[in-house]
Amino acid sequence: MKNLFSSTLFLLVTLCAFPAWAEETDRVIVQVKDDQGNQTIESVLVEEIEDLDEADILQPDFIRSISLQESHVGSKSWGTLRIGAQRMKTMTSPIEGSVIVAIIDTGVDETHPFLKDRIVDGYDFINNDTNPRDVHFHGTHVAGIIVDTTPANVKIMPIRALDDDGKGYDSDIAKGIRFAVDNGADVINMSFAGEEYSPFLAEAIDYALSKNVPIIVSSGNESTDTENFYPASEEKIIVVSAIDQIDHIADFSNTGASIDVSAPGVNISSSVPGGQFASYSGTSMAAPFVSGIAAMFKLENPTQSVGEIEGLLKKYVDDRGAIGRDPLFGEGVVNVTGYDKNLVIDHEQVTVNKDKTAIAFVPFPEQRGVPLDAKWTITFDRPLTDGDVVDFKVFRGDKEVPITRTFNSGENEIMIAPLKPLLPHTTYRLLLFVEHGRDYEMKFVTGD
């Protein structure tokens, strides 16, 4: 509790400076102290604040919502076939044990014939009961995609944190994440978005990652940059954009530096309440295809870390758009047709190889107190030409941080900068690769 309060002190200033937050939600997250001095965190209506004694506002309780487009009825299997899930589904079906995918959404219709044998106990944080029945349809549609993509030993944990209109507060979503982690979820799917960054929601995400539970989210359907949305702008999780049936980015899909991979999201037919099927389009549909693949990776090896799962998702892709990673497709369209667990390099061997490679780097002096909007100018001993192959990468742990590079042919300098502000008090690595030359490394730690 102390960490949450201290981490949001800056936000108190922000709220005072930008009271426009009140137009986006009618609730706030507060820290309340009772007569015995015990502190609890609650979500309350704005008009209730005056009635609370010893209450500190931590942040607005922002609202997240689903966004999709109805489309004509299509084949339920085109997305599953496109990502190569059928072969992997056959490979993983004989595996003993099970993997649970938590769907934090509008709930799931557990009576649907296509889903009823795949559901485990969940929770309804809208009505605060143990019956997360879907009276909307979105969560049931998402669940059907995962069920269609995976074998019977992948189970669905329905968590209702979005209401009948497909909207939900950060406080309920955060509770849903923690419930999922504490009750055995191995993967979490979140097919929704909102415009404001939430430290409260970010802490719940960090909690899941600390317990080795990967989170897969949709990029959003506003045809704009993910940097304007949360959790789609979160670098720590797996963000999915949507493609159509000819491998073009869907015209509605948000894109940007946070995109990790892409998956089918146009004319996707799946289950809806009442034992029916319907076709919808949206990045909400793309994310569960990836969650299904992540679940099967977990079936293959339950001890795999969040980083290893993400690495496998990015390894088995069809590169589209610009060569390598790009802001539309990320690393590419997920496709596990060629997946073979016997070809996956052992994690310990990868670690050894990384250590050996690190010895070859020429170290720059370590920097501390680096500003969050840092920029670097790299100066070379001669003017660079278009034929010189020089590359830069910045890492936080094993997560690559998107950067920009500014280079003019005939000059001896390259400027690089992160696309988004760095995290405070965090260790990073800046790597410089020079073809036919030496490779360089600089470790740095950010300040406030």
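The values are calculated or read from the model by the stated rules, or taken from the named source; none is laboratory data. Note that the coordinates shown come from a computational prediction; the quantities given were computed from them, not determined experimentally. Reconstructed Cβ throughout: ideal geometry from the backbone, glycine too, with neighbour counts over all protein chains shown.
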Checking L162 against (1) surrounded by fewer than 24 Cβ atoms within 10 Å (Cβ to Cβ); (2) of a type outside the set (G, A, S); (3) under 20 Å from T25 (Cβ atoms): exactly one of these is not met. Which one?
(1)
Single residue of segment 210-229 satisfying the filter (touching a residue at least 60 places away in the same chain (Cβ under 8 Å) and touching a Lys or Arg at 6+ places or on another chain (Cβ under 9 Å)) that is surrounded by the fewest Cβ atoms within 10 Å (Cβ to Cβ)
E227
Which condition number does I188 fail, the rest of (1) under 29 Å from V30 (Cβ atoms); (2) in contact (Cβ under 8 Å) with a residue 40 or more places away in the chain; (3) out of contact with any helix residue (DSSP H, G or I) (no Cβ under 9 Å at 6 or more places or on another chain) being met?
(3)
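How many residues, within segment 107-126, are more than 21 Å from L68 (Cα to Cα) and under 26 Å from the mean Cα position of the chain (by Cα)?
Narrowing segment 107-126 to residues more than 21 Å from L68 (Cα to Cα): 110-126.
Next cut, under 26 Å from the mean Cα position of the chain (by Cα) only: 110, 115, 118-126.
Looking only at that region, the number is 11.
Take E310 and decide whether it is under 19 Å from I215 (Cα atoms) and over 21 Å from the mean Cα position of the chain (by Cα). Break it down into steps so the answer makes sense when it comes.
On the way: under 19 Å from I215 (Cα atoms): yes; over 21 Å from the mean Cα position of the chain (by Cα): no.
No, not satisfied.
Listed here are the residues, each with its yes/no results for (1) on the phi < 0 side of the Ramachandran plot; (2) in contact with an Asp or Glu (Cβ under 8 Å, 6 or more places away or on another chain).
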| residue | (1), (2) |
| --- | --- |
| I83 | yes, no |
| P94 | yes, no |
| V99 | yes, yes |
| G107 | no, yes |
| K116 | yes, yes |
| A152 | yes, yes |
| D182 | yes, no |
How do the pairs read when you match residues in segment 412-432 that are in the same structural domain as A257 (by TED's automatic domain parsing) with residues anywhere that are outside any loop (DSSP other than H, G, I, E, B) and among the hydrophobic types (A, V, I, L, M, F, W, C), using Cβ under 8 Å and keeping only pairs 6 or more apart or on different chains?
none
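Specify which of the listed residues (G307, G282, G338, G324) is touching a Ser or Thr at 6+ places or on another chain (Cβ under 9 Å) and among the small types (G, A, S).
Every option except G282 fails the conditions.
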All-but-one check, I345 against (1) modelled with pLDDT under 80; (2) exposed (fewer than 12 other Cβ atoms within 10 Å of the Cβ); (3) under 25 Å from S258 (Cβ atoms); (4) of a type outside the set (K, R), failing number (3)
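Are any residues in segment 127-142 over 15 Å from L68 (Cα atoms) and not polar (S, T, N, Q), and if so, which ones?
As a first pass, look at segment 127-142 and keep what is over 15 Å from L68 (Cα atoms): 127-135.
The answer is D129, P132, R133, D134, V135.
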When you go through A152, A180, A185 one by one, which is the residue that is in the same structural domain as S270 (by TED's automatic domain parsing), within 18 Å of the chain's Cα centre (by Cα) and either in a loop (DSSP other than H, G, I, E, B) or acidic (D, E) (or both)?
A185
In segment 233-248, how many are over 23 Å from E308 (Cβ atoms) and surrounded by 24 or more Cβ atoms within 10 Å (Cβ to Cβ)?
2
Mind checking whether some residue in segment 198-207 is assigned to a loop (DSSP other than H, G, I, E, B) and at pLDDT below 95?
yes
For segment 284-315, which positions are crowded, with 24+ Cβ neighbours inside 10 Å and hydroxyl-bearing (S, T, Y)?
S284, S291
